[in-house]
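Novice: Below you'll find the structure I mean.
What follows is calculated from the coordinates using simple rules that are stated; it is not laboratory data. Keep in mind the model is a prediction, meaning the values are calculated, not measured. Neighbour counts are summed over all protein chains in view; Cβ atoms, including those assigned to glycine, are modelled from backbone coordinates with ideal geometry.
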Amino acid sequence: MWTEEDQAQLLAVARKSIENGLQSGKPLVPETETTSNPLQAIRASFVTLTLNQNLRGCIGSLEAYRPLINDVAANAFSSAFKDPRFPPVSVEELEKIAVEISILSPMEPMQVNDEQDLLEQLQPGIDGLLIDDGCHRATFLPQVWSQLPEPSLFLNHLKRKAGMPLESWPDTMKCYRYHCDKFRESAR
């Protein structure tokens, strides 16, 4: 669905937004006059930054509410400068950082009765998962399956990320699956 030109433009916008952040402290506001229709569609994205193949920042939108190209620019800036797990990206790191963009499909509500039912429905390596019990909420992109390939490990780590007790399954639990189209810069 995404042409090579679309992918290159999104990756360039992400990198320029980080550069703009280093220069002005603000995300890039992309020019959209020459942007293809798919990049102007209202879509949700995540931007993941890695440094020496280690996570360096990851911020995104779970719900689509702005044009994809604007979402990518804002999330690239936030991944570089607002991820609370990391200090802001420095000028020295910029050339070594690799950018990966994940474009999310719409959220699909899952009908699950309990934790075991969810585990049986999950598609490892394919599904991204959002869990929400009304007080706690967290998501893992499909890429996380490469580090947590067992559904029970995947879910336990996600519950821990959300701040939920591992042994409980609240009556208020809602689960949503989604898929991602992802692409990344060539090795730097």
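Novice: Quickly work out the GLU19-to-LEU153 label distance, labels modelled 7 Å from Cα along the C-beta direction, and quote it in nm with one decimal.
Specialist: So the label points at LEU153 and GLU19 sit 4.0 nm apart.
Novice: Out of the stretch 54-110, which trypsin sites (Lys or Arg not before Pro) are coil in DSSP terms and have no more than 13 other C-beta atoms within 10 Å? If you can, show how the numbers build up before the last one.
Specialist: Values: sites: ARG56, LYS82, ARG85, LYS96; in loops: LYS82, ARG85, LYS96.
Passing sites in the stretch 54-110 are ARG85, LYS96.
Novice: Still on this structure, I have one more. Mean shadow of the chain, computed from the convex hull of its alpha carbons, in nm²?
Specialist: On the way: hull surface 44.2 nm².
For the chain, averaging the hull's shadow over all directions gives 11.1 nm².
Novice: Could you work out the percent of alpha carbon pairs in the stretch 4-104 separated by over 20 Å, rounded to a whole number?
Specialist: On the way: 1472 of 5050 pairs.
Summing the P(r) tail past 20 Å for the stretch 4-104 gives 29 percent.
Novice: What's the lysine pair count for the chain at a Cα cut-off below 28 Å, pairs eight or more apart or interchain?
Specialist: Step by step, the pairs that qualify in the chain add up to 19.
Novice: Right, next: Could you give the distance between the Cα centres of the stretch 11-37 and the stretch 112-188, to the whole Å?
Specialist: That distance is 30 Å.
Novice: Also: In whole Å, what is the distance between the alpha-carbon centres of the stretch 44-68 and the stretch 69-95?
Specialist: Between the Cα centres of the stretch 44-68 and the stretch 69-95 lies a distance of 9 Å.
Novice: Can you give me the long-range amide H partners of ASP132? Hydrogens built in the peptide plane at 1.01 Å from N, cutoff under 5 Å, separation of 5 or more residues or another chain.
Specialist: Residues meeting the criterion, in which the H sits 1.01 Å from N, are LYS174.
Novice: Continuing with this model, one more query. Would you mind working out the magnitude of the charge dipole of the chain relative to its Cα centre, with +1 at each Lys and Arg C-beta and -1 at each Asp and Glu C-beta, to the nearest 20 Debye?
Specialist: Working: 18 positive and 26 negative charges, 122 e Å.
I would put it at about 580 debye.
Novice: To test your reading of the geometry: what angle, between 0 and 90 degrees and rounded to tens, separates the Cα axis of helix 4-24 from the longest principal axis of the chain?
Specialist: Taking the Cα atoms of the chain, the angle to 4-24 is about 80 degrees.
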